[in-house]
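Note sheet for the following structure.
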Amino acid sequence: MGKELSRRDFLTYSLAAGAGAVLFGMPGCRSGGDQPLSGGKDKDVSVAMARDEKENAMPFTLPPLPYDKAALAPHLSAETLEYHYGKHHQAYVTNLNKLIADKPEAKKSLEEIIMTAAPGGLFNNAAQDWNHTFYWSCMKPNGGGEPAGDLRAAIERDFGSFAKFKEQLTAAATTLFGSGWAWLALDDGKLKIVQTKDADLPMKHNQAALLTMDVWEHAYYIDCRNARPKYIEAFLDHLADWDFAAANFAKAK
Ligand code: FE2
């Protein structure tokens, strides 16, 4: 999975950062599928293999939010989270499980599916599960502000200043036509602002995602109606979790 964060990394980060009581699971982890095989005695192998197949074929699950659905209000309402997380993200997970049922992909990790799937429904639903899991961690109550430390220095190195970076990210998110994502990504050691269409994501282009903004209409229409710039401003000024982005940067660089 290259430099992208796995669900285990999310969990590790959340624990290290002392995040709230509700922690993310691991992106792409199937319930129960990460347990080691038991035994090791010859007579246990067939039993262990059967168990392994069963556990690896467990469906993907919707990871818990890292905060309460109402925690991002008034910038993003509980109603937005109920629909965006509870309906849209859940639908991607449900569709993904239907598409991999009884197929070789049922034993692959989410990242493996994303990297090997051809354009189409399987890629779209797997990538959207990953994108949304990542996106929820890119926000926190009382977020926003500006990054510090190594990430701040890298932003100033590659964009000139945080203000110029913010301008460029805002422009990328605002001008993305149709549905997609605006990302801060690390590409061969250099920070870049990346626009992706639909479900596309930096991982597919050998880039490491550091922060993302969902600019599909379903991300903001309940709270901001058609005013995408209002949502972008709220994300950057009040919601962005720069500690999460900095942790991603530290792992990726
Ligand atoms: Fe979304």
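The values are calculated or read from the model by the stated rules, or taken from the named source; none is laboratory data. Model, not experiment: these values are computed from the prediction. Virtual Cβ from ideal backbone geometry, glycine too; neighbours counted across all protein chains shown. Ligands, DNA and RNA are excluded from the accessible area calculation, which covers all protein heavy atoms including side chains. Shrake-Rupley method; radii C 1.70, N 1.55, O 1.52, S 1.80 Å.
Looking for something at pLDDT 95 or above, surrounded by 21 or more Cβ atoms within 10 Å (Cβ to Cβ), in contact with a Leu (Cβ under 7 Å, 6 or more places away or on another chain) and not polar (S, T, N, Q) - is there at least one such residue anywhere in region 166-180? Looking through region 166-180, at least one residue is at pLDDT 95 or above, surrounded by 21 or more Cβ atoms within 10 Å (Cβ to Cβ), in contact with a Leu (Cβ under 7 Å, 6 or more places away or on another chain) and not polar (S, T, N, Q). Could you tell me whether Leu186 is within 16 Å of the ligand (Cβ to nearest atom), outside any helix (DSSP H, G or I), in contact (Cβ under 8 Å) with a residue 40 or more places away in the chain and out of contact with any Gly (no Cβ under 7 Å at 6 or more places or on another chain)? When the stated conditions are applied, Leu186 does not pass them. Return the residue satisfying two criteria in turn: it lies in region 117-145 and is more than 26 Å from Ala70 (Cα to Cα) and of a type in the set (Gly, Ala, Ser), and of such residues it is nearest to the ligand (Cβ to nearest atom). Only one residue fits best here, namely Ala126. When you check Ala199 against the structure, is it assigned to a helix (DSSP H, G or I), within 16 Å of the ligand (Cβ to nearest atom) and of a type in the set (Gly, Ala, Ser), yes or no? Spelling it out, it is not the case that Ala199 is assigned to a helix (DSSP H, G or I), within 16 Å of the ligand (Cβ to nearest atom) and of a type in the set (Gly, Ala, Ser). Right, Lys87: away from the ligand (no atom under 16 Å from the Cβ) and surrounded by fewer than 17 Cβ atoms within 10 Å (Cβ to Cβ) or not? Answer is no for this residue.
Within region 69-84, the set of residues being within 19 Å of the chain's Cα centre (by Cα) and open to solvent by 50 Å² or more (accessible area, probe 1.4 Å) comprises Lys69, Glu82, Tyr83. Hey, does region 196-205 have a residue that's of a type in the set (Ser, Thr, Tyr), closer than 22 Å to Glu82 by Cα and surrounded by 18 or more Cβ atoms within 10 Å (Cβ to Cβ)? Checking region 196-205: not a single residue is of a type in the set (Ser, Thr, Tyr), closer than 22 Å to Glu82 by Cα and surrounded by 18 or more Cβ atoms within 10 Å (Cβ to Cβ). The set of residues from region 206-222 being open to solvent by less than 30 Å² (accessible area, probe 1.4 Å) and either aromatic (Phe, Trp, Tyr) or assigned to a loop (DSSP other than H, G, I, E, B) (or both) comprises Gln207, Val215, Tyr220. Would you confirm whether or not region 149-156 contains a residue that is within 16 Å of the ligand (Cβ to nearest atom) and open to solvent by 40 Å² or more (accessible area, probe 1.4 Å)? There is no residue in region 149-156 that is within 16 Å of the ligand (Cβ to nearest atom) and open to solvent by 40 Å² or more (accessible area, probe 1.4 Å).
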